[in-house]
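Note sheet for the following structure.
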């Protein structure tokens, strides 16, 4: 009898244990289902909110759509115009800079030429001191006592005693020392600017040599009487100035 009662009690305890376990499992399932359900509600709410926001951004009618298209077109047109103006300005600046550079190059070139080729103002001095016996005469005839005829005269004759020192009228280079058949022993000096000076009817030329550079006032010879065409005249220096291959009046240049 007692064993039977014990078995009944054991079965009752076992049933209560199982019932409690089932209740706990059901409670856990309810909690899980509630959590899942609640999360789905939140997701749906967020999704609906995002959709509403998106729908609010979309134009409601054709007028709004037209305004958006017009505004966008205006922005694009303005951007294109601004870009075009900037490109034109850049091109203008490049052209102006190019012109400035060319002008600077021209100025630099001109400056270089001026520096490299300075123009010296020549000032010819009388090679000897004395009276001018015969003037320059290329446009009219003058009488020559030696030749006993009327003739032209390519320079001037400056009166000076025999053996008087003859000086270079201006600095230059001795290009010739020769015995001219008409005007006797002669020294020719070449100067800047296409000028040459000729010293004739000399007695000696031992002071200089051909290709020698001479200074203004440097001794180049002595006065003589070696000019056949003027041997009947008083002792003098026959002096000429040549410009670019043409004889000119020395008295215009002498100072």
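Of all residues in the range 179-189, those satisfying the criterion of being surrounded by 14 or more Cβ atoms within 10 Å (Cβ to Cβ) and either assigned to a strand (DSSP E or B) or modelled with pLDDT of 95 or more (or both) are 180, 184, 185, 186, 187, 188, 189. Of the residues in the range 211-221, none is touching a strand residue (DSSP E or B) at 6+ places or on another chain (Cβ under 9 Å) and under 17 Å from residue 135 (Cα atoms).
Would you check if residue 197 is in a strand (DSSP E or B), under 46 Å from the mean Cα position of the chain (by Cα) and in contact (Cβ under 8 Å) with a residue 60 or more places away in the chain? Yes; evaluated as a whole, the condition is true for this residue.
Residues that are at pLDDT 80 or above and surrounded by fewer than 16 Cβ atoms within 10 Å (Cβ to Cβ): which strands (runs of 3 or more DSSP E) entirely in the range 107-157 hold 2 or more of them?
By residue number, 137-144, 149-153.
Taking the conditions exactly as written (more than 30 Å from residue 148 (Cβ to Cβ) and outside any strand (DSSP E or B)), does residue 207 satisfy them or not? So residue 207 fits the description; yes. Looking across the range 233-255, just one residue is free of Cβ contacts under 8 Å to residues at least 24 places away in the same chain and over 21 Å from residue 175 (Cα atoms), and that is 252. Residue 213 falls short on exactly one of the conditions (1) buried (at least 19 other Cβ atoms within 10 Å of the Cβ); (2) modelled with pLDDT of 95 or more, and that condition is (1).
The values are calculated or read from the model by the stated rules, or taken from the named source; none is laboratory data. Bear in mind the structure is a predicted one, so any value in this text is a computation, not a measurement. Glycine also receives a Cβ, built like all others from the backbone with ideal geometry; neighbour counts cover every protein chain displayed.
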